[in-house]
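Working notes, structure below.
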Amino acid sequence: MTDLTRRQALLLTLASGLPLVGGSSRSLAATQKVSVALDWTVNTNHIGLFVARDKGFYREAGLAADILPYSDTGAGTLVANRVADFGINGTISLFTQRTAGADLKAVYAVVQAETGRVVFNAARSEIKSPRDLDGLTYGGFGSAWENALISTIIRHDGGKGKFETVTLGTSAYEALANGSVDFTLEVATWEGVEAELKGVKQRSFVYADYGVPDEHTTLISSSEAYLQANPALASAFVQATRRGYQFAVDHPEEAAALLIAANKDALTNPSLIEASLKVLINGHYLRAENGAIGTMDPVKMGAIGGYLFTAGILRDADGKVLTQRPDFARYFANSYLG
């Protein structure tokens, strides 16, 4: 549900105050191509990529960035198979793909905290807490972790964690609105904002309030192979990307206009873009309350990884549930941020 690239380190450092990593990017070729795959149709989670490209931040870093549109093949798969150099993906997809053998490593946290939530129609007065979801029908999206997630939330509230699932994909939101399903999951900073703009009345449960660790919902990942072969280029890209997201936080109106202008056919509702970006900023999703932008919290990464391991969601390349907890610290690196 929730569904990229960059530049020249010396100029970046002078312009944004970011430190150099691994020496000056003067060592990069005059212009090097990098590609980044989107995880979903264009939305405000991607804004820093388009800002960095269209404000010239990537160009200043000596990079020509190609932002690949969302396709039926997930961004993680494209990166692991070297079709794309970088890709947007979620923490859960990173962990599940990596434990199954995919060559993936996260280098940037787009979103600093969980944006997902369990939602249901506000008129359902009988639903007072997650235990009341027992026996109801969930409109799902077909991923392996959904049932474990919802069961955890219900059981944490004293319920049995038993419910019916109908896999609907994005049609779940229409099904929720017409009463065909009782609850679903949504991204508060996108579908939640859209529902509010439409006047749809909803109530929700936040995962972290009911036993599910907080997470960086959205990441940018590359492959170990690419990072080892292109350390200076990767650093330039990541730092330029951070500069794009920093600009979006500090100059939301201009950033929103850039995103819309770059995606006129896909983004036909400027009010949604502007409202979503406001929530991302005011909710400290793009920049944490401690000021962090792009940084992955090792404690947070370890906690969600441990939850997935304990829940039996992580499987090896043969499809067998992992019996030994992985070293999740190897799944990500903050070093490319500088």
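Annotations
- Cβ-Cβ FRET estimate between E224 and T170, R0 fixed at 35 Å, reported to 0.05: 0.60
- Summed side-chain charge close to L197 - residues other than L197 whose Cβ falls under 12 Å, Lys, Arg +1, Asp, Glu -1: -2
- Radius 10 Å from Cβ of P252, net charge of other residues (Lys, Arg +1; Asp, Glu -1): -3
- Each of K201 and A292 was given a label point 7 Å from its Cα along the Cα-to-Cβ line. The distance between the two points is 3.8 nm.
- Shape of segment 200-312, Cα gyration tensor, a/c cut at 1.5: oblate
- Positive contributions from Lys and Arg (+1) and negative ones from Asp and Glu (-1), summed over other residues with Cβ under 10 Å from the Cβ of K160, come out at +2.
- Helical mean residue ellipticity (222 nm; -39500 (n - 2.57) per DSSP H run of 4+; nearest 500) of the chain: -10500 deg cm²/dmol
- Here the gap between K128 and D250, fully extended at 0.36 nm per residue and compared with their Cα-Cα distance, gives a gain of 40.1 nm.
- Loop-located trypsin sites (Lys or Arg not before Pro) in segment 288-326 (DSSP state other than H, G, I, E, B) with a sparse environment of at most 13 neighbouring Cβ atoms within 10 Å: K320.
- Separation of alpha-carbon centers, segment 168-214 and segment 51-119, rounded to whole Å: 24 Å
- Nonlocal Lys pairs with alpha-carbon distance under 28 Å, the chain (8 or more apart, or different chains): 24
Every number here is computed from the coordinates shown, using simple stated rules; none is lab data. Predicted model, so just to flag it, every value in this text is computed and none were measured. Cβ: placed from backbone, ideal geometry, glycine included. Neighbour counts: every protein chain shown.
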